[in-house]
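A short worksheet on the structure shown next.
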Amino acid sequence: MGKVITLTAKDNWTFDGVNNKLESLPFKKSAVNVLTREMVIKNYSPTGIWYDLYDLTAEHLQGYTEIGDKAFYGLREMSRNRLRSIEIPNTITRIGKEAFYSINPFFSNNIQTVTFEQGSVLKEIDDWAFYSNVILKTINFPPSLTRIGKSVFANCNKLVSTFAPNSQIKIIDELSFGSNNALEILILPEGLETIGANAFEGSWLILDIVIPKSVKTIGSKPFNLTFLASFRSIKIPKMFESRADKLGFEADAWAKITWY
């Protein structure tokens, strides 16, 4: 009788349904290595290695493929709130829901910049990930990013963000950039397909808007409460000209739109 092998799914091992037989070792090592909230709290404890950290670099996050849901949620409350910059390594494919959520906008996280290591493979920034980080100033999205979730940068009212010329972004979800008062030029990349409801609501300093022809779906009133801006130019695909909700624009702004 051959050697008996007991196989389990513990320690990040997952079942391989393709090679479902004993001699082919049906359990294989999972490629997912998630930075969890528990790990972050441990690192930010008085005895943790991140306790006095100002800049979270790609080296600190080396080896992880995902920043988990709520990983740095309420960072100010869990740490000495010294963290001012984050560099996301090129192994990360997803930033989870509420990952850097700031609980109190009046006592916000101290994060000012978010950068991505060269060769980034990030695909998704999930819902509420950077909500209400009111000190956050700059983030340049990697070309690999395909989705920005709901309310990801809502209430980040100092944020200036840019898309790479070869951006693969497909979805900007509802309220993604709500109340983003530092946003003046909104040139969305070709290839974008969906803009969610109220995506830019309250971002009233926008001066220039270009929505690419690749956009096929726009939710209700994406530019609601943007009526205070002194628009210089607005360029929108002609297929949206008959929208009853006027995309949320007030009459004076609607009259300035160039349909193409």
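Can you tell me which condition residue 159 does not meet? The list is (1) surrounded by fewer than 18 Cβ atoms within 10 Å (Cβ to Cβ); (2) modelled with pLDDT under 95, and all the others hold.
Only one criterion in (1) surrounded by fewer than 18 Cβ atoms within 10 Å (Cβ to Cβ); (2) modelled with pLDDT under 95 is unmet by residue 159, namely (1).
Hey, could you check the stretch 92-109 for residues that are farther than 14 Å from residue 128 by Cα and surrounded by fewer than 19 Cβ atoms within 10 Å (Cβ to Cβ) and say which is modelled with the lowest pLDDT?
It comes out as 106.
Which residue is surrounded by the most Cβ atoms within 10 Å (Cβ to Cβ), if the candidates are limited to the stretch 245-257 and must be assigned to a loop (DSSP other than H, G, I, E, B) and of a type outside the set (Gly, Ala, Ser)?
Among them, the one singled out is 249.
Since residue 234 meets every condition but one in (1) modelled with pLDDT of 95 or more; (2) at negative phi, which condition does it not meet?
(1)
Is it the case that residue 99 is touching a helix residue (DSSP H, G or I) at 6+ places or on another chain (Cβ under 6 Å) and within 24 Å of residue 150 (Cα to Cα)?
Taking the combined requirement at face value, the residue does not satisfy it.
Anything in the stretch 201-227 that is polar (S, T, N, Q), more than 21 Å from residue 160 (Cα to Cα) and either part of a strand (DSSP E or B) or within 19 Å of the chain's Cα centre (by Cα) (or both)? List them, or say none.
Selection gives 217 alone.
Within the stretch 103-114, does at least one residue satisfy the condition of being within 27 Å of residue 202 (Cα to Cα), out of contact with any Ser or Thr (no Cβ under 9 Å at 6 or more places or on another chain), free of Cβ contacts under 8 Å to residues at least 40 places away in the same chain and of a type in the set (S, T, N, Q)?
Yes - at least one qualifying residue is present in the stretch 103-114.
Would you check which residues across the stretch 228-244 are surrounded by 15 or more Cβ atoms within 10 Å (Cβ to Cβ) and part of a loop (DSSP other than H, G, I, E, B) and list them?
Listed by number, the residues that qualify are 229, 231, 237, 243.
Quick check, is residue 144 in a loop (DSSP other than H, G, I, E, B) and buried (at least 20 other Cβ atoms within 10 Å of the Cβ)?
no
Of a type in the set (S, T, N, Q), on the phi > 0 side of the Ramachandran plot and either assigned to a loop (DSSP other than H, G, I, E, B) or free of Cβ contacts under 8 Å to residues at least 12 places away in the same chain (or both): which single residue out of 198, 157 fits that description?
Selected residue: 198, the only one of 198, 157 that is of a type in the set (S, T, N, Q), on the phi > 0 side of the Ramachandran plot and either assigned to a loop (DSSP other than H, G, I, E, B) or free of Cβ contacts under 8 Å to residues at least 12 places away in the same chain (or both).
Select from the stretch 160-173 the residues that are assigned to a loop (DSSP other than H, G, I, E, B) and in contact with a Phe, Trp or Tyr (Cβ under 9 Å, 6 or more places away or on another chain) and write down the one among them that is nearest to residue 218 (Cα to Cα).
169
Do we find that residue 176 is more than 21 Å from residue 121 (Cα to Cα), buried (at least 22 other Cβ atoms within 10 Å of the Cβ), free of Cβ contacts under 8 Å to residues at least 40 places away in the same chain and touching a Gly at 6+ places or on another chain (Cβ under 9 Å) in this structure?
Taking the combined requirement at face value, the residue does not satisfy it.
Would you please name the residue that is surrounded by the most Cβ atoms within 10 Å (Cβ to Cβ), looking only at residues in the stretch 200-215 that are closer than 17 Å to residue 250 by Cβ and hydrophobic (A, V, I, L, M, F, W, C)?
200
Just one of the numbered conditions (1) at pLDDT 90 or above; (2) surrounded by 16 or more Cβ atoms within 10 Å (Cβ to Cβ) is not true of residue 54; which one?
(2)
The values are calculated or read from the model by the stated rules, or taken from the named source; none is laboratory data. All figures in this text were calculated on a predicted structure; none of them were measured in a lab. Counting neighbours? That spans all protein chains shown, and the Cβs are built from the backbone with ideal geometry, glycine included.
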